[in-house]
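Worksheet: the structure to be examined is printed underneath.
The values are calculated or read from the model by the stated rules, or taken from the named source; none is laboratory data. Keep in mind that this is a model prediction, so the values were computed, not measured. All Cβ positions, even for glycine, are placed from backbone atoms using ideal geometry, and neighbour counts span all protein chains on display. What goes into the accessible areas is simple: the full protein's heavy atoms, side chains included, and nothing from ligands, DNA or RNA. Shrake-Rupley method; radii C 1.70, N 1.55, O 1.52, S 1.80 Å.
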Amino acid sequence: MTAAAAPEGGRDFIRDTVRADLDAGRIRAPVTRFPPEPNGYLHIGHAKSIVLNFGIAEEFGGRCHLRFDDTNPTKEEQEYIDAIMRDVRWLGFDWGTHLYHASDYFEQLYDWAVHLIRAGKAYVDDQSQEEMRANRGTLTEPGRNSIYRARSVAENLALFARMRAGEFVNGARVLRAKIDMAAGNINLRDPVLYRILHAHHPRTGASWCIYPSYDYAHGQSDALEGITHSICTLEFEDHRPLYDWLLDNLPVPSRPRQYEFARLNLSFTLLSKRVLTELVRGGHVTGWDDPRMPTLAALRRRGVPPQALREFVKRIGVGKANSVVDAAMLDFSVREVLNRTAVRRMAVLRPLKLVIENYPEGKVEELPAPNHPDNPDLGVRNLRFGRELYIERDDFMEQAPKKFFRLSPGKEVRLRYAYFVTCRAAIKDAAGEVTELRCSYDPLTRGGNSPPDGRKVQATLHWVSAADALPAEVRL
(Lines give C-alpha, C1' and ligand atoms only; values in the text may rest on other atoms or scores of the structure.)
Protein backbone atom coordinates (compact mmCIF):
# COMPACT_ATOMS: atom_id res chain seq x y z
CA MET A 1 0.00 0.00 0.00
CA THR A 2 1.38 3.41 -0.91
CA ALA A 3 1.93 6.27 1.49
CA ALA A 4 -0.96 8.14 -0.16
CA ALA A 5 -3.54 5.66 1.11
CA ALA A 6 -4.62 5.63 4.73
CA PRO A 7 -5.77 2.47 6.54
CA GLU A 8 -9.48 1.98 5.97
CA GLY A 9 -10.29 0.59 9.47
CA GLY A 10 -13.70 -0.28 10.87
CA ARG A 11 -15.64 -3.31 12.09
CA ASP A 12 -17.29 -5.99 9.98
CA PHE A 13 -17.60 -9.76 10.11
CA ILE A 14 -14.51 -10.34 7.96
CA ARG A 15 -12.31 -8.09 10.06
CA ASP A 16 -13.72 -9.73 13.19
CA THR A 17 -12.73 -13.12 11.74
CA VAL A 18 -9.20 -11.91 11.03
CA ARG A 19 -8.89 -10.52 14.58
CA ALA A 20 -10.12 -13.80 16.04
CA ASP A 21 -7.62 -15.80 13.95
CA LEU A 22 -4.79 -13.54 15.08
CA ASP A 23 -5.83 -13.69 18.74
CA ALA A 24 -6.10 -17.50 18.61
CA GLY A 25 -2.69 -17.82 16.98
CA ARG A 26 -4.11 -19.53 13.89
CA ILE A 27 -2.24 -17.05 11.67
CA ARG A 28 0.72 -14.75 12.20
CA ALA A 29 -0.55 -12.13 9.74
CA PRO A 30 -3.34 -12.12 7.14
CA VAL A 31 -2.52 -12.77 3.50
CA THR A 32 -5.28 -11.72 1.12
CA ARG A 33 -5.51 -11.39 -2.65
CA PHE A 34 -7.41 -9.49 -5.33
CA PRO A 35 -7.88 -11.94 -8.26
CA PRO A 36 -9.38 -10.16 -11.31
CA GLU A 37 -9.92 -11.87 -14.62
CA PRO A 38 -8.21 -9.71 -17.29
CA ASN A 39 -11.18 -9.69 -19.67
CA GLY A 40 -12.19 -6.05 -19.25
CA TYR A 41 -11.62 -2.92 -17.20
CA LEU A 42 -12.37 -2.74 -13.49
CA HIS A 43 -15.60 -1.01 -12.44
CA ILE A 44 -16.70 0.58 -9.20
CA GLY A 45 -17.91 -2.78 -7.87
CA HIS A 46 -14.32 -4.01 -7.97
CA ALA A 47 -13.29 -1.03 -5.83
CA LYS A 48 -15.10 -2.60 -2.88
CA SER A 49 -13.09 -5.81 -3.18
CA ILE A 50 -9.82 -3.95 -3.74
CA VAL A 51 -10.28 -1.70 -0.72
CA LEU A 52 -11.40 -4.63 1.44
CA ASN A 53 -8.54 -6.98 0.54
CA PHE A 54 -5.74 -4.43 0.53
CA GLY A 55 -7.25 -2.62 3.52
CA ILE A 56 -7.33 -5.73 5.72
CA ALA A 57 -3.72 -6.51 4.83
CA GLU A 58 -2.67 -2.98 5.76
CA GLU A 59 -4.64 -2.84 9.00
CA PHE A 60 -3.40 -6.15 10.38
CA GLY A 61 0.21 -6.03 9.21
CA GLY A 62 -0.18 -8.58 6.43
CA ARG A 63 0.08 -8.44 2.67
CA CYS A 64 -2.25 -8.51 -0.32
CA HIS A 65 -1.43 -10.17 -3.63
CA LEU A 66 -2.58 -9.10 -7.06
CA ARG A 67 -3.27 -12.27 -9.00
CA PHE A 68 -4.65 -12.38 -12.51
CA ASP A 69 -7.08 -15.24 -13.14
CA ASP A 70 -5.85 -15.75 -16.70
CA THR A 71 -7.46 -19.12 -17.42
CA ASN A 72 -9.57 -18.06 -20.42
CA PRO A 73 -7.26 -16.85 -23.20
CA THR A 74 -10.09 -16.18 -25.69
CA LYS A 75 -11.25 -13.18 -23.65
CA GLU A 76 -8.05 -11.89 -22.07
CA GLU A 77 -5.79 -9.13 -23.38
CA GLN A 78 -2.64 -7.36 -22.25
CA GLU A 79 -4.54 -4.07 -22.42
CA TYR A 80 -6.79 -5.28 -19.61
CA ILE A 81 -3.86 -6.44 -17.49
CA ASP A 82 -2.19 -3.03 -17.82
CA ALA A 83 -5.46 -1.20 -17.07
CA ILE A 84 -6.13 -3.28 -13.94
CA MET A 85 -2.68 -2.60 -12.51
CA ARG A 86 -3.07 1.10 -13.30
CA ASP A 87 -6.45 1.25 -11.56
CA VAL A 88 -5.30 -0.57 -8.42
CA ARG A 89 -2.34 1.80 -8.10
CA TRP A 90 -4.62 4.80 -8.72
CA LEU A 91 -6.81 3.72 -5.82
CA GLY A 92 -3.70 4.00 -3.64
CA PHE A 93 -2.61 0.39 -3.26
CA ASP A 94 0.50 -1.55 -4.19
CA TRP A 95 1.15 -5.28 -4.21
CA GLY A 96 4.93 -4.86 -4.01
CA THR A 97 6.64 -8.02 -5.25
CA HIS A 98 3.46 -10.08 -4.97
CA LEU A 99 2.19 -9.99 -8.54
CA TYR A 100 1.00 -13.41 -9.70
CA HIS A 101 -0.94 -15.10 -12.47
CA ALA A 102 -2.93 -18.31 -12.41
CA SER A 103 -0.86 -19.25 -15.45
CA ASP A 104 2.20 -19.32 -13.16
CA TYR A 105 0.72 -22.51 -11.72
CA PHE A 106 -0.43 -24.33 -14.87
CA GLU A 107 2.16 -27.09 -14.52
CA GLN A 108 1.40 -27.65 -10.83
CA LEU A 109 -2.35 -27.60 -11.47
CA TYR A 110 -1.91 -30.21 -14.17
CA ASP A 111 0.12 -32.42 -11.83
CA TRP A 112 -2.57 -32.11 -9.16
CA ALA A 113 -5.24 -33.05 -11.71
CA VAL A 114 -3.20 -36.20 -12.43
CA HIS A 115 -3.11 -36.80 -8.65
CA LEU A 116 -6.93 -36.72 -8.56
CA ILE A 117 -7.13 -39.15 -11.48
CA ARG A 118 -4.71 -41.56 -9.78
CA ALA A 119 -6.81 -41.36 -6.61
CA GLY A 120 -9.94 -42.23 -8.59
CA LYS A 121 -11.41 -38.76 -7.96
CA ALA A 122 -11.37 -37.37 -11.51
CA TYR A 123 -12.23 -38.78 -14.94
CA VAL A 124 -12.26 -37.75 -18.58
CA ASP A 125 -15.80 -37.28 -19.92
CA ASP A 126 -16.67 -37.39 -23.65
CA GLN A 127 -20.19 -35.98 -23.26
CA SER A 128 -21.08 -32.80 -25.08
CA GLN A 129 -22.01 -29.68 -23.12
CA GLU A 130 -25.67 -30.29 -23.92
CA GLU A 131 -25.51 -33.87 -22.64
CA MET A 132 -23.73 -32.83 -19.44
CA ARG A 133 -26.30 -30.11 -18.87
CA ALA A 134 -29.18 -32.54 -19.41
CA ASN A 135 -27.66 -35.11 -17.04
CA ARG A 136 -26.79 -32.62 -14.35
CA GLY A 137 -30.24 -32.66 -12.80
CA THR A 138 -32.11 -29.78 -11.16
CA LEU A 139 -32.44 -28.28 -7.70
CA THR A 140 -35.08 -30.90 -6.91
CA GLU A 141 -33.85 -33.85 -9.00
CA PRO A 142 -30.48 -35.61 -8.77
CA GLY A 143 -28.15 -35.80 -11.73
CA ARG A 144 -27.26 -38.94 -13.66
CA ASN A 145 -23.78 -40.43 -13.81
CA SER A 146 -21.94 -40.09 -17.09
CA ILE A 147 -21.43 -43.34 -18.95
CA TYR A 148 -17.71 -42.47 -18.93
CA ARG A 149 -17.55 -42.08 -15.14
CA ALA A 150 -16.42 -45.70 -14.69
CA ARG A 151 -13.35 -45.40 -16.89
CA SER A 152 -10.22 -46.93 -15.41
CA VAL A 153 -7.45 -44.84 -13.91
CA ALA A 154 -5.12 -45.91 -16.71
CA GLU A 155 -7.56 -44.89 -19.44
CA ASN A 156 -8.22 -41.52 -17.77
CA LEU A 157 -4.50 -40.82 -17.42
CA ALA A 158 -3.89 -41.65 -21.06
CA LEU A 159 -6.78 -39.54 -22.32
CA PHE A 160 -5.83 -36.59 -20.12
CA ALA A 161 -2.25 -36.73 -21.43
CA ARG A 162 -3.58 -36.77 -25.00
CA MET A 163 -5.81 -33.78 -24.18
CA ARG A 164 -2.72 -31.88 -23.09
CA ALA A 165 -0.86 -32.98 -26.23
CA GLY A 166 -3.51 -31.32 -28.38
CA GLU A 167 -4.92 -34.46 -30.00
CA PHE A 168 -8.57 -33.44 -29.59
CA VAL A 169 -10.65 -30.52 -30.85
CA ASN A 170 -12.28 -27.94 -28.62
CA GLY A 171 -15.16 -29.40 -26.63
CA ALA A 172 -14.37 -33.01 -27.45
CA ARG A 173 -13.54 -33.97 -23.87
CA VAL A 174 -13.32 -32.47 -20.39
CA LEU A 175 -11.80 -33.57 -17.10
CA ARG A 176 -14.36 -33.73 -14.30
CA ALA A 177 -14.03 -34.25 -10.57
CA LYS A 178 -15.74 -37.43 -9.35
CA ILE A 179 -17.78 -36.29 -6.37
CA ASP A 180 -21.55 -36.94 -6.20
CA MET A 181 -24.13 -36.51 -8.98
CA ALA A 182 -26.89 -36.60 -6.37
CA ALA A 183 -25.43 -33.82 -4.20
CA GLY A 184 -27.87 -31.14 -3.12
CA ASN A 185 -25.30 -28.53 -4.12
CA ILE A 186 -25.15 -28.68 -7.92
CA ASN A 187 -21.56 -27.41 -7.86
CA LEU A 188 -20.57 -30.82 -6.42
CA ARG A 189 -22.13 -32.79 -9.26
CA ASP A 190 -18.87 -33.75 -10.94
CA PRO A 191 -17.74 -30.22 -11.86
CA VAL A 192 -15.47 -29.61 -14.84
CA LEU A 193 -11.82 -29.13 -13.90
CA TYR A 194 -10.24 -28.85 -17.38
CA ARG A 195 -11.53 -28.10 -20.86
CA ILE A 196 -9.85 -28.20 -24.26
CA LEU A 197 -9.21 -24.76 -25.75
CA HIS A 198 -6.86 -24.26 -28.65
CA ALA A 199 -6.11 -20.55 -28.23
CA HIS A 200 -3.08 -18.32 -27.86
CA HIS A 201 -2.50 -17.28 -24.26
CA PRO A 202 -1.11 -13.77 -23.53
CA ARG A 203 1.60 -15.21 -21.27
CA THR A 204 2.07 -18.88 -22.14
CA GLY A 205 1.50 -18.58 -25.89
CA ALA A 206 0.72 -21.93 -27.49
CA SER A 207 2.22 -24.04 -24.69
CA TRP A 208 -1.17 -25.18 -23.46
CA CYS A 209 -4.37 -26.26 -25.18
CA ILE A 210 -6.17 -27.32 -21.98
CA TYR A 211 -7.08 -24.77 -19.33
CA PRO A 212 -8.30 -25.17 -15.74
CA SER A 213 -11.70 -23.91 -14.66
CA TYR A 214 -11.87 -21.00 -12.24
CA ASP A 215 -13.25 -23.24 -9.49
CA TYR A 216 -10.25 -25.54 -9.85
CA ALA A 217 -7.54 -22.89 -10.23
CA HIS A 218 -8.87 -20.56 -7.54
CA GLY A 219 -8.38 -22.50 -4.32
CA GLN A 220 -5.15 -24.15 -5.40
CA SER A 221 -3.64 -20.80 -6.38
CA ASP A 222 -4.64 -19.50 -2.95
CA ALA A 223 -2.93 -22.46 -1.32
CA LEU A 224 0.27 -22.06 -3.34
CA GLU A 225 0.50 -18.39 -2.33
CA GLY A 226 -0.24 -19.00 1.34
CA ILE A 227 -3.48 -17.02 1.29
CA THR A 228 -5.12 -17.09 4.72
CA HIS A 229 -8.44 -15.39 3.93
CA SER A 230 -9.83 -15.87 0.43
CA ILE A 231 -12.46 -13.14 0.29
CA CYS A 232 -15.07 -13.52 -2.48
CA THR A 233 -18.42 -12.02 -3.35
CA LEU A 234 -21.62 -13.73 -2.26
CA GLU A 235 -22.27 -15.65 -5.49
CA PHE A 236 -19.30 -17.88 -4.62
CA GLU A 237 -20.91 -19.06 -1.37
CA ASP A 238 -22.37 -22.12 -3.11
CA HIS A 239 -18.94 -22.84 -4.58
CA ARG A 240 -17.23 -22.99 -1.17
CA PRO A 241 -17.94 -26.76 -0.64
CA LEU A 242 -16.11 -27.45 -3.92
CA TYR A 243 -13.31 -25.09 -2.89
CA ASP A 244 -12.92 -27.08 0.33
CA TRP A 245 -13.28 -30.49 -1.38
CA LEU A 246 -10.40 -29.77 -3.73
CA LEU A 247 -8.17 -28.54 -0.92
CA ASP A 248 -9.04 -31.60 1.16
CA ASN A 249 -8.18 -33.98 -1.67
CA LEU A 250 -4.95 -32.44 -2.93
CA PRO A 251 -1.48 -32.24 -1.31
CA VAL A 252 -1.60 -28.44 -1.08
CA PRO A 253 1.07 -26.60 0.96
CA SER A 254 -1.38 -24.45 2.96
CA ARG A 255 -5.07 -24.37 3.89
CA PRO A 256 -6.80 -21.11 2.98
CA ARG A 257 -10.40 -20.45 3.93
CA GLN A 258 -13.02 -18.71 1.82
CA TYR A 259 -15.30 -15.96 3.12
CA GLU A 260 -18.06 -14.27 1.16
CA PHE A 261 -19.42 -10.72 1.32
CA ALA A 262 -22.18 -8.92 -0.56
CA ARG A 263 -21.02 -7.30 -3.76
CA LEU A 264 -21.59 -3.62 -4.48
CA ASN A 265 -24.82 -2.86 -6.34
CA LEU A 266 -25.31 0.82 -7.19
CA SER A 267 -28.67 2.35 -8.06
CA PHE A 268 -29.21 3.27 -11.73
CA THR A 269 -25.89 1.61 -12.59
CA LEU A 270 -25.11 -1.53 -14.60
CA LEU A 271 -22.03 -3.28 -13.27
CA SER A 272 -22.12 -6.36 -15.49
CA LYS A 273 -18.76 -6.70 -17.25
CA ARG A 274 -20.53 -8.54 -20.07
CA VAL A 275 -22.88 -5.61 -20.65
CA LEU A 276 -20.08 -3.06 -20.36
CA THR A 277 -18.05 -5.03 -22.91
CA GLU A 278 -21.02 -4.96 -25.31
CA LEU A 279 -21.28 -1.18 -24.92
CA VAL A 280 -17.61 -0.77 -25.83
CA ARG A 281 -17.50 -3.27 -28.70
CA GLY A 282 -20.79 -2.04 -30.10
CA GLY A 283 -19.52 1.53 -30.30
CA HIS A 284 -22.24 2.84 -28.00
CA VAL A 285 -19.54 4.54 -25.90
CA THR A 286 -16.14 5.91 -26.87
CA GLY A 287 -14.25 3.33 -24.82
CA TRP A 288 -13.80 1.84 -21.37
CA ASP A 289 -12.97 5.30 -20.01
CA ASP A 290 -16.03 7.02 -21.48
CA PRO A 291 -17.18 9.34 -18.65
CA ARG A 292 -20.63 7.72 -18.72
CA MET A 293 -19.18 4.31 -17.84
CA PRO A 294 -18.97 3.04 -14.22
CA THR A 295 -15.37 1.90 -14.70
CA LEU A 296 -12.55 3.15 -12.51
CA ALA A 297 -10.86 4.54 -15.63
CA ALA A 298 -14.01 6.56 -16.42
CA LEU A 299 -14.35 7.79 -12.84
CA ARG A 300 -10.71 8.90 -12.92
CA ARG A 301 -11.32 10.73 -16.19
CA ARG A 302 -14.34 12.47 -14.63
CA GLY A 303 -12.11 13.81 -11.89
CA VAL A 304 -13.31 11.56 -9.07
CA PRO A 305 -10.50 11.43 -6.49
CA PRO A 306 -9.44 7.92 -5.43
CA GLN A 307 -9.79 8.86 -1.78
CA ALA A 308 -13.51 9.44 -2.41
CA LEU A 309 -13.94 5.86 -3.61
CA ARG A 310 -12.09 4.52 -0.60
CA GLU A 311 -14.26 6.57 1.75
CA PHE A 312 -17.39 5.51 -0.15
CA VAL A 313 -16.50 1.84 0.31
CA LYS A 314 -15.77 2.41 3.98
CA ARG A 315 -19.08 4.23 4.41
CA ILE A 316 -21.24 1.49 2.87
CA GLY A 317 -19.54 -1.20 4.96
CA VAL A 318 -19.16 -4.95 4.42
CA GLY A 319 -22.13 -7.26 4.93
CA LYS A 320 -23.58 -10.62 3.91
CA ALA A 321 -26.94 -9.38 2.60
CA ASN A 322 -27.33 -8.16 -0.97
CA SER A 323 -28.61 -4.62 -1.24
CA VAL A 324 -28.55 -1.61 -3.56
CA VAL A 325 -26.57 1.46 -2.53
CA ASP A 326 -27.98 4.82 -3.58
CA ALA A 327 -25.72 6.49 -6.15
CA ALA A 328 -26.22 9.72 -4.19
CA MET A 329 -23.97 8.26 -1.49
CA LEU A 330 -21.13 8.05 -3.99
CA ASP A 331 -21.77 11.64 -5.05
CA PHE A 332 -21.72 12.67 -1.40
CA SER A 333 -18.37 10.98 -0.85
CA VAL A 334 -16.92 12.71 -3.90
CA ARG A 335 -18.16 16.12 -2.74
CA GLU A 336 -16.83 15.53 0.76
CA VAL A 337 -13.31 14.83 -0.51
CA LEU A 338 -13.31 17.58 -3.12
CA ASN A 339 -14.58 20.08 -0.56
CA ARG A 340 -11.58 19.29 1.64
CA THR A 341 -8.94 19.10 -1.06
CA ALA A 342 -9.89 21.01 -4.22
CA VAL A 343 -8.51 24.50 -4.75
CA ARG A 344 -11.19 27.05 -5.58
CA ARG A 345 -11.65 28.83 -8.89
CA MET A 346 -14.52 30.96 -10.19
CA ALA A 347 -16.31 30.23 -13.45
CA VAL A 348 -19.47 31.48 -15.11
CA LEU A 349 -21.56 29.02 -17.12
CA ARG A 350 -24.21 31.40 -18.52
CA PRO A 351 -22.47 34.77 -18.63
CA LEU A 352 -24.24 38.10 -18.21
CA LYS A 353 -22.10 41.22 -18.58
CA LEU A 354 -21.92 43.57 -15.61
CA VAL A 355 -20.49 47.08 -16.17
CA ILE A 356 -19.45 49.15 -13.12
CA GLU A 357 -20.12 52.69 -14.29
CA ASN A 358 -18.24 54.49 -11.52
CA TYR A 359 -15.12 52.31 -11.83
CA PRO A 360 -12.35 54.06 -13.78
CA GLU A 361 -12.04 52.95 -17.39
CA GLY A 362 -8.81 51.13 -18.12
CA LYS A 363 -8.07 50.48 -14.47
CA VAL A 364 -7.23 46.91 -13.44
CA GLU A 365 -6.42 45.83 -9.90
CA GLU A 366 -5.50 42.50 -8.38
CA LEU A 367 -7.49 41.29 -5.41
CA PRO A 368 -6.16 38.48 -3.17
CA ALA A 369 -8.34 35.37 -2.77
CA PRO A 370 -7.56 32.19 -0.79
CA ASN A 371 -7.17 29.03 -2.81
CA HIS A 372 -9.19 27.24 -0.14
CA PRO A 373 -11.39 29.01 2.42
CA ASP A 374 -10.58 26.50 5.19
CA ASN A 375 -6.98 25.64 4.38
CA PRO A 376 -4.56 28.58 4.41
CA ASP A 377 -1.68 26.21 3.60
CA LEU A 378 -2.94 26.08 0.02
CA GLY A 379 -1.98 29.72 -0.45
CA VAL A 380 -3.52 32.75 -2.12
CA ARG A 381 -4.19 33.69 -5.74
CA ASN A 382 -4.78 37.15 -7.27
CA LEU A 383 -8.00 37.92 -9.12
CA ARG A 384 -7.90 40.57 -11.83
CA PHE A 385 -10.75 43.03 -11.37
CA GLY A 386 -11.87 45.68 -13.84
CA ARG A 387 -14.80 47.77 -15.02
CA GLU A 388 -16.44 44.95 -17.01
CA LEU A 389 -17.23 41.58 -15.46
CA TYR A 390 -19.37 38.51 -16.11
CA ILE A 391 -21.78 37.06 -13.58
CA GLU A 392 -24.16 34.13 -13.83
CA ARG A 393 -27.34 34.96 -15.70
CA ASP A 394 -29.29 33.09 -13.00
CA ASP A 395 -27.94 35.53 -10.39
CA PHE A 396 -30.04 38.39 -11.83
CA MET A 397 -33.81 38.77 -11.96
CA GLU A 398 -35.48 41.93 -13.16
CA GLN A 399 -38.79 41.30 -11.41
CA ALA A 400 -37.48 39.65 -8.29
CA PRO A 401 -39.76 38.01 -5.69
CA LYS A 402 -39.40 38.98 -2.05
CA LYS A 403 -36.94 36.23 -1.10
CA PHE A 404 -34.68 36.55 -4.15
CA PHE A 405 -31.52 37.89 -2.48
CA ARG A 406 -29.28 38.08 -5.53
CA LEU A 407 -29.02 40.95 -7.99
CA SER A 408 -32.00 42.95 -9.19
CA PRO A 409 -32.55 46.67 -9.94
CA GLY A 410 -31.80 48.72 -6.85
CA LYS A 411 -30.39 45.77 -4.87
CA GLU A 412 -26.85 45.57 -3.49
CA VAL A 413 -24.78 42.36 -3.36
CA ARG A 414 -21.19 41.35 -2.66
CA LEU A 415 -18.87 40.24 -5.44
CA ARG A 416 -16.76 37.53 -3.84
CA TYR A 417 -13.35 38.87 -2.64
CA ALA A 418 -14.08 42.16 -4.48
CA TYR A 419 -16.62 44.90 -3.72
CA PHE A 420 -20.25 45.64 -2.95
CA VAL A 421 -22.12 46.54 -6.14
CA THR A 422 -25.62 47.92 -6.69
CA CYS A 423 -27.62 47.33 -9.86
CA ARG A 424 -28.79 50.59 -11.43
CA ALA A 425 -30.26 49.43 -14.75
CA ALA A 426 -30.68 46.47 -17.07
CA ILE A 427 -29.95 46.89 -20.79
CA LYS A 428 -32.08 44.80 -23.17
CA ASP A 429 -31.87 43.86 -26.82
CA ALA A 430 -34.64 44.22 -29.39
CA ALA A 431 -36.18 40.96 -28.25
CA GLY A 432 -36.41 42.17 -24.66
CA GLU A 433 -33.59 39.91 -23.46
CA VAL A 434 -31.34 41.39 -20.75
CA THR A 435 -27.83 41.65 -22.22
CA GLU A 436 -26.01 43.89 -19.77
CA LEU A 437 -26.30 45.27 -16.26
CA ARG A 438 -25.22 48.77 -15.29
CA CYS A 439 -24.02 48.93 -11.70
CA SER A 440 -22.08 51.07 -9.24
CA TYR A 441 -19.58 49.91 -6.64
CA ASP A 442 -18.53 51.08 -3.18
CA PRO A 443 -14.72 51.50 -3.08
CA LEU A 444 -14.80 51.28 0.73
CA THR A 445 -15.79 47.60 0.53
CA ARG A 446 -12.59 46.30 -1.08
CA GLY A 447 -12.13 42.57 -0.48
CA GLY A 448 -15.87 42.18 0.00
CA ASN A 449 -15.72 43.62 3.50
CA SER A 450 -18.58 45.52 5.08
CA PRO A 451 -18.33 49.32 4.74
CA PRO A 452 -17.76 51.71 7.66
CA ASP A 453 -21.50 52.33 8.01
CA GLY A 454 -21.96 48.64 8.83
CA ARG A 455 -24.57 47.83 6.20
CA LYS A 456 -25.01 44.17 5.26
CA VAL A 457 -25.86 42.32 2.06
CA GLN A 458 -27.68 39.02 1.78
CA ALA A 459 -25.93 37.51 -1.23
CA THR A 460 -22.39 36.92 -2.48
CA LEU A 461 -21.92 36.31 -6.21
CA HIS A 462 -19.04 34.75 -8.09
CA TRP A 463 -17.73 36.52 -11.18
CA VAL A 464 -14.93 36.65 -13.75
CA SER A 465 -13.16 39.58 -15.35
CA ALA A 466 -14.48 40.11 -18.88
CA ALA A 467 -11.04 41.11 -20.15
CA ASP A 468 -9.30 38.07 -18.67
CA ALA A 469 -11.97 35.37 -18.90
CA LEU A 470 -11.05 32.18 -20.72
CA PRO A 471 -13.54 30.09 -22.71
CA ALA A 472 -14.11 26.60 -21.36
CA GLU A 473 -16.03 23.43 -22.13
CA VAL A 474 -17.94 22.38 -19.03
CA ARG A 475 -19.49 18.91 -18.67
CA LEU A 476 -22.25 18.72 -16.10
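Data for the structure
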read-out: Residues of segment 399-411 satisfying the condition of being open to solvent by less than 70 Å² (accessible area, probe 1.4 Å) and either among the aromatic types (Phe, Trp, Tyr) or farther than 13 Å from Leu354 by Cα (or both); value: Ala400, Phe404, Gly410, Lys411
read-out: Selection from segment 430-451 of residues that are over 26 Å from Arg381 (Cα atoms) and open to solvent by 70 Å² or more (accessible area, probe 1.4 Å); value: Ala430, Ala431, Glu433, Arg438
read-out: Qualifying residue in segment 49-66 (condition: polar (S, T, N, Q), out of contact with any Leu (no Cβ under 7 Å at 6 or more places or on another chain) and under 30 Å from Arg26 (Cα atoms)); value: yes
read-out: Among the residues listed as Val280, Val285, the single one being more than 15 Å from His46 (Cβ to Cβ), open to solvent by less than 30 Å² (accessible area, probe 1.4 Å) and β-branched (Val, Ile, Thr); value: Val285
read-out: Check on Pro368, within 28 Å of Glu336 (Cβ to Cβ) and either modelled with pLDDT of 95 or more or not basic (Lys, Arg) (or both); value: yes
read-out: Some residue of segment 149-170 being within 30 Å of Arg33 (Cβ to Cβ) and among the β-branched types (Val, Ile, Thr); value: no
read-out: Pairs where the first residue, in segment 293-304, is closer than 16 Å to Leu264 by Cα and the second is outside any loop (DSSP other than H, G, I, E, B), C-beta under 6 Å, 6+ apart; value: Pro294/His43; Pro294/Ile44; Thr295/His43; Leu296/Asp87
read-out: Residue list for segment 199-212, restricted to those being open to solvent by less than 30 Å² (accessible area, probe 1.4 Å) and either farther than 21 Å from Leu66 by Cβ or more than 35 Å from the chain's Cα centre (by Cα) (or both); value: Ala199, Gly205, Trp208, Cys209, Ile210
read-out: Residues of segment 14-35 classified as open to solvent by 40 Å² or more (accessible area, probe 1.4 Å) and either free of Cβ contacts under 8 Å to residues at least 12 places away in the same chain or in a loop (DSSP other than H, G, I, E, B) (or both), total; value: 7
read-out: Residues being assigned to a helix (DSSP H, G or I), open to solvent by 20 Å² or more (accessible area, probe 1.4 Å) and not aliphatic (A, V, I, L, M) - total across segment 50-98; value: 8
read-out: Selection status of Met346, touching a residue at least 24 places away in the same chain (Cβ under 8 Å), hydrophobic (A, V, I, L, M, F, W, C), surrounded by fewer than 18 Cβ atoms within 10 Å (Cβ to Cβ) and in a loop (DSSP other than H, G, I, E, B); value: yes
read-out: Number of the exception - Glu311 against (1) without any contact (Cβ under 8 Å) to a residue 60 or more places away in the chain; (2) closer than 27 Å to Val31 by Cα; (3) not β-branched (Val, Ile, Thr); (4) not in a helix (DSSP H, G or I); value: (4)
read-out: Candidate set from segment 288-308 (those that are part of a helix (DSSP H, G or I) and open to solvent by less than 20 Å² (accessible area, probe 1.4 Å)); member that is nearest to Val337 (Cα to Cα); value: Ala308
